[in-house]
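Asker: For reference, the structure I am asking about is given below.
Computed from the coordinates by the stated procedures, all read-outs in this text should not be read as laboratory data. For clarity, every value in this text was computed on a predicted model and none was experimentally measured. Neighbour counts are summed over all protein chains in view; Cβ atoms, including those assigned to glycine, are modelled from backbone coordinates with ideal geometry.
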């Protein structure tokens, strides 16, 4: 038996033991004696998943192309870290990664559950069983028949060949896996009719889920920004939405649990949110991997195999119906306590904030599902434009940001006196107004674009940032461990401010450059200075060298946007282009090569010939006799749209044709087609108005041997002000989340009383019950 | 107490109303070429790239091509940008935009290229937008 066959075997073993664990944990809920065996079965499932993942990694590292998966996503010339990454580059691998984290998180979970263990682990093991069953239907360990084993793998998509590929999927899949934890605990709570204990256990895991999913989303956004070249970090793509929606719900749950803990309310909605997180992601998985949204997503997931897809649907239906059904069934017995006591109370602020988050999640979900919904309702598929997400979510985002700014000044237990409250918010409020006025003045004098909606959004973000920063400052001196939430809020304010400013004040400039030709953009003179590896157009990691010389005494630099041909498939070389980002404290200069430039560069690889010619002259070039009749000028004189054409009479084998190659100042040119094939072009930098001379470039003529001396590079530069606030904000969010997670992991077990005669009797719990979390098992340490 | 609830309900109702309006404003139906010709608003048309019709115009900075839908109807498309990526290898193109005169002006195009990275039959979408 070879390694891959062992892999298939352990997948089956894992499936069987996860199912066994589910059954045994369910039995243990009735009779404690089953608990030990349930844990053993779960441990076996974990061991199988870890082994399976280890085998897949080993196969990828060894470039074993007998395995279909490895041949599809790896090749022997990859460095080790990309071989490693190919273990999760495809469908099967990413499901295995999901199962891997689910299994491991279960080990962390099981030790903190105490009396919740049997029921929670029943649900949790069943989710693991589903994932493993999907892997039996869509196995990463399929083998080629011996006669069809390819000699070399297809390689990893160059867009994925980035160190983010080693970081982003492993991170975000911890978050996806962690979604199952609040779900499982909530189901156990509903079965046990325990309306508060579950919240204590779930809290640290909810934060863990929030941090990992959030970090995954951020890393994905940053990855898109630095490699994809369209200049944004968030595109409301279905795959992005399918992670964002559960993350927003988990954010709501996290805050709901805080309310429950402090005020003893929101029992019903907290259970509901805990029950929605995981099914929402199952739904997203179905939508993005079934091909249902294939026409509106740029993420390249192929449809799952039929059996596997059926299991994903079954998974979604089972947990949605089961969770919601149980919740509805128990609804009347769940206590419902009024918490909000007045308009100016933290209770109301939290509740409204949670509503805003959940509504944003819901509207996003509806938008993303529109192709399917419209097909069901109107029999005609429709998708929403990206602007839908901005328009629909905006009112809720405004309220959300306002609340974010008010929360630091509200307290749990009392309704604020209006005057005192206004007094307290005055500092950040006036600071915000001053900043707002300054921005308004600057916008007026610099004639920046203005829009009331964006302006209000930015001011609210500034307000939220300032008021939370004030509180963070105070807490940092008194009790740093309690500042996590507010630090996160500062981060959220900065992210939204940076996102709004960098998109709204973005400026764009385009130019087509050739050898010796320059363009001016954003105070720089830009010049094309060759390729980093001039001799190998097809060479990997080749880049275009663009010299940016400052016109006003600032720093000059050389931008090197990546641009090369990937030739793993020699029949169909593919362009790979990645932007170059020039970082400044106040802005990013985002420099992308229109990959289409490639079209031109390719053509320019054709040998070309040059022929300087004055107006009125007649010259010969190969089989052509060319007479330069006149200039033909269009557009505003000296303006950016001014184009100069050279009217030529071309005689070829006794036939005369009039041709007009055109050059546009500072932008490019349009060649004219020559009779007999080939093209003739003039370049703007070679037009000599005084001498009335142009240089004709002939391309694609028969029998040419010399290389052209012109390479053409279309450059697109975007100036993105304040984008660094986004990255700074995301770091603060994660730092704040990390602090909160550490705090909750450290305190949660202390608060749960161990009723006498619970699973402990069944023995086998290592360590002393609940004085301290067992070292090495808490995510916070 | 009552006041707090009223605020919450009023806020949700107003927000949802605006969201509904946003949905109506931004919905973009998938249509055939024949339907696209009759359309006035924004639509998306899917079709195959007619071989040889792709033209990159570096003067006007636009990409022009013709797509052919499942019924065999052909539609000239103008994308007011030099498209990124490997459009010429596209097997299928989704153009999102509106009719202007006889041509379809696509503010965004999604195109599917045969991708060897995802196995033999797999396809990969790329995107270019203004």
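Asker: Taking 0.36 nm per residue of sequence separation and subtracting the Cα-Cα distance, how much length would be gained by fully extending the chain between residue A:455 and residue A:541, in nm to one decimal?
Answerer: Full-extension gain reported as 26.8 nm.
Asker: Mind checking the mean number of beta-carbon atoms from other chains within 10 Å of the Cβ atoms in B:7-14?
Answerer: 3
Asker: Okay, next question. Just want to confirm a number: the relative contact order over segment A:1-115, from Cα pairs under 8 angstrom separated by 6+ residues, in percent.
Answerer: 23
Asker: Report the gain in length on full extension from residue A:142 to residue A:192: 0.36 nm times residue separation, minus Cα-Cα distance, nm rounded to one decimal.
Answerer: 13.7 nm
Asker: Within 10 Å of each residue's Cβ, count the other Cβ atoms and sort A:240, B:92 from fewest upward.
Answerer: Ranked by crowding around the Cβ, least crowded first: B:92, A:240.
Asker: For segment A:174-203 and segment A:450-498, what is the centre-to-centre distance using only Cα atoms, to the nearest Å?
Answerer: Between the Cα centre of segment A:174-203 and that of segment A:450-498, the gap is 30 Å.
Asker: Determine, from the Cβ-Cβ distance of residue B:9 and residue A:5 and an R0 of 51 Å, the FRET efficiency 1/(1 + (r/R0)^6), rounded to the nearest 0.05.
Answerer: It comes out at approximately 0.25.
Asker: Restricting to DSSP H runs of at least four residues, report the calculated mean residue ellipticity at 222 nm for chain A, -39500 (n - 2.57) per run over all residues, nearest 500 deg cm²/dmol.
Answerer: -18000 deg cm²/dmol
Asker: Another question, if that's okay. Compute the separation of the alpha-carbon centres of segment A:33-63 and segment B:63-102 and state it in Å as a whole number.
Answerer: After rounding, the separation between the Cα centres reads 49 Å.
Asker: Another question, then. Assuming R0 = 25 Å, what is the FRET efficiency of residue A:440 and residue A:398, from their Cβ-Cβ distance, to the nearest 0.05?
Answerer: Here the calculated transfer efficiency is 0.85.
Asker: While we're looking at this one, here's another question. With axes computed from alpha carbons, what is the tilt in degrees of helix A:117-137 against the longest principal axis of chain A, rounded to the nearest 10 within 0 to 90?
Answerer: Compared with the principal axis, the helix lies near 40 degrees.
Asker: For A:365-371, what's the mean count of beta carbons from other chains sitting within 10 Å of each residue's beta carbon?
Answerer: Mean shielding by partner chains, rounded to a whole number: 2.
Asker: Also: Taking R0 as 51 Å, what's the FRET efficiency between residue A:651 and residue B:103 from their Cβ-Cβ distance, rounded to 0.05?
Answerer: 0.90
Asker: Give the shape of segment A:122-185 as rounded, prolate or oblate, defined through the alpha-carbon gyration tensor: a ≥ b ≥ c are the square roots of its eigenvalues, a/c under 1.5 means rounded, and otherwise the shape is prolate if a/b is larger than b/c and oblate if not.
Answerer: In terms of gyration-tensor shape, oblate.
Asker: Using packing as a proxy for protection, rank A:180-192, A:65-77, A:433-445 so that the peptide with the highest average count of other Cβ atoms within 10 Å comes first.
Answerer: Order by mean packing, descending: A:180-192, A:65-77, A:433-445.
Asker: Oh, and also: Over chain A, what is the mean sequence separation of C-alpha contacts under 8 Å (at least six apart), divided by residue count, expressed as relative contact order in percent?
Answerer: So the answer I get is 11 percent.
Asker: Would you work out if segment A:390-536 is rounded, prolate or oblate? Take a ≥ b ≥ c from the square roots of the eigenvalues of the alpha-carbon gyration tensor; rounded if a/c is under 1.5, else prolate when a/b is larger than b/c, oblate otherwise.
Answerer: Prolate.
Asker: Let me ask something else about it. Please arrange A:558, B:88, A:716 by how many other C-beta atoms lie within 10 Å of their C-beta, fewest to most.
Answerer: A:558, B:88, A:716
Asker: Compute the long axis of helix A:306-330 from its Cα atoms, compare it with the longest principal axis of the Cα atoms of chain A, and write down the angle in degrees, 0 to 90, nearest 10.
Answerer: Around 40 degrees separate the two axes.
Asker: Okay, moving on. Calculate the mean, over all residues of peptide B:27-34, of how many other protein chain Cβ atoms lie within 10 angstrom of the residue's Cβ.
Answerer: Mean shielding count: 4.
Asker: So how compact is segment A:57-202: Cα radius of gyration and Dmax in angstrom?
Answerer: Final numbers for Rg and Dmax: 18.8, 62 Å.
Asker: How do A:385, B:73 line up, fewest other C-beta atoms within 10 Å first?
Answerer: Lowest count first: B:73, A:385.
Asker: Calculate, in nm to one decimal, what residue A:551 and residue A:688 gain on full extension: separation in residues at 0.36 nm each, minus their alpha carbon distance.
Answerer: Stretched fully, the residue A:551-residue A:688 segment lengthens by 46.8 nm.
Asker: Further question: Run the quick spin-label model on residue B:57 and residue A:305: label points 7 Å from Cα toward the beta carbon, then report their separation in nm to one decimal.
Answerer: Calculated label separation equals 5.0 nm.
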